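What follows draws every value from the coordinates through simple rules; no lab data is involved. Being a predicted model, the structure only gives us computed values, none of them experimental. Backbone-built Cβ (ideal geometry, glycine too); neighbour counts: all protein chains shown.
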Amino acid sequence: MAQPRGAGKSFVVAAALDAGVLDPNQPLYCENGLWERYGHRIHDTHKVAWASPAAVLRESSNICAAKIGETLGKQRLMTALRTFGFGERTGVGLPGEARGSLPDPARMPNIAVDTVSFGQGLSASGLQTVMAMAAIANGGILLKPFIVARAVAPDGTVLLQRQREEVRRVLRPVTARAVAAMLEDVVAKGTGMKAQVEGFRVAGKTGTAQKVDPVRGGYGAKRLASFLGFLPADDPRLAILVAVDEPEGDVFGGSVAAPAWSAIAAEGLRQIGVLPDTVREEIALASVARDDDSAGDTTLEEDPPPRVAPRSPGQSVVPDLAGLPARSAVRRLAEAALEPELRGSGRTVSQFPRPGAVVKRGARVRVTLAPSG
């Protein structure tokens with residue numbers, strides 16, 4: 001279990017916006033990096049003066065996150081975090097799953113509202129934090145996670161089939177969209193810039209949590225650096241958490257965890273066949289150009305599509321991709337209404353299903369690429 005520090009600010013801001021106690025256009029004073037409150041000192045990693053709620057996330061201000069938590073108050077803050085799934089088991093089915101912990105609003109001191117708002121004083125599992133971030137990506141709906149999507153017997157009998165299961169609505173759709181835009185800003189020009197993935201819009205939040213000293217008690221010098229986010233931000237497919245336990249040297253999530261998150265996210269999208277914006281634009285332009293050409297004289301194309309047998313509606317014929325570079329292979333599959341699953345880089349050396357196979361429209365074709373020569 002760990003503290004969802006940094007990333008937890010996202011859920012506090014979302015809860016305050018949804019409750020109507022936070023104006024997204026109203027700046028807050030972040031005390032230039034040091035705030036004396038209830039006999040304690042709250043610090044930011046760098047000085048922040050006035051900041052909008054979006055800038056609070058972008059600059060990861062502990063002080064202004066605490067002030068936002070105070071606008072919610074103890075009861076609403078704890079209720080909001082429980083609604084996001086903190087403090088309860090996810091029901092994923094793993095043995096020994098922990099609930100995590102949240103303070104009791106009836107007993108928590110005033111300073112605990114502040115510390116919880118920037119991620120101290122509570123604990124959560126990685127799965128809980130990913131679920132909560134996915135709820136923002138899903139337009140405010142918390143979904144139940146599962147490990148196995150489908151199990152099939154050797155004779156083809158489907159033994160298990162899991163479908164999307166909604167737990168509850170966490171945020172209004174308009175709030176979820178507003179927070180997602182703020183989290184995009186974190187990656188575009190804030191602490192999460194190293195989580196950027198070329199060709200995709202990314203939304204997420206850095207985290208740098210102090211670890212509890214098990215011997216002396218309280219917080220020690222060791223850290224847990226993390227980055228939690230989702231992509232593509234305009235059409236989310238993956239929500240990912242990367243946490244680095246006790247990093248040495250640079251201990252901040254934006255420096256340590258974000259680059260690893262970027263690499264994992266890029267490979268994850270490639271594995272499920274999600275194309276970068278640039279490739280999707282090329283396919284759209286190629287489609288427009290093809291439509292324009294069809295109105296005039298017939299001309300030879302650089303990559304003429306192979307002649308295929310007639311097919312019934314709802315079916316496609318797998319084209320021959322041998323020797324094609326990745327972009328040409330993707331374009332050829334798009335023309336056939338098929339989804340690419342690219343592996344490797346270079347030119348096509350094999351594919352499955354084979355060329356000429358008749359498959360359902362939208363079926364996935366695995367394309368293996370290798371450098372030429």
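Which lysines, on any chain, are close to LYS222 with Cα under 18 Å apart, when same-chain ones fewer than 8 places away are left out?
Excluding near neighbours in sequence, the set is LYS211.
With everything on Cα atoms, drop me the angle between helix 62-83 and the longest principal axis of the chain, reported from 0 to 90° to the nearest 10.
Approximately 80 degrees, to the nearest ten.
Taking only the C-alpha atoms, wrap a convex hull around the range 326-373 and report its volume per residue in Å³ as a whole number. Don't jump to the answer; show the numbers that get you there.
Working: hull volume 3.0 nm³, N = 48.
So the per-residue hull volume is 62 Å³.
If you project the alpha carbons of the chain onto their three principal axes, what span does each projection cover, largest first, in Å?
Here the Cα extents, ordered largest to smallest, are 79, 48, 42 Å.
Quick check on the range 68-163: what does the Kirkwood estimate of hydrodynamic radius come out to from the alpha carbon pairs, in Å? Walk me through the intermediate numbers first.
Details: mean 1/r = 0.0654 Å⁻¹.
Hydrodynamic radius (Kirkwood, Cα pairs) of the range 68-163 is 15.3 Å.
Summing +1 for each Lys or Arg and -1 for each Asp or Glu, what net charge is found among the other residues whose Cβ lies under 15 Å from the Cβ of LEU28? Intermediate results must be reported in sequence, preceding the final value.
On the way: positive: LYS9, ARG37, LYS47, ARG58, LYS67; negative: ASP23, GLU31, ASP44, GLU59, GLU70, ASP114.
Once positives and negatives cancel, what remains is -1.
Going by Cα centres, the range 107-132 and the range 172-194 are how many Å apart?
About 20 Å separates the Cα centre of the range 107-132 from the one of the range 172-194.
Above 16 angstrom, tally the Cα pairs of the range 51-100 and express them as a % of all pairs, no decimals. Present the calculation step by step, with values, prior to reporting the outcome.
Working: 696 of 1225 pairs.
Cα-Cα pairs of the range 51-100 separated by over 16 Å account for 57 percent.
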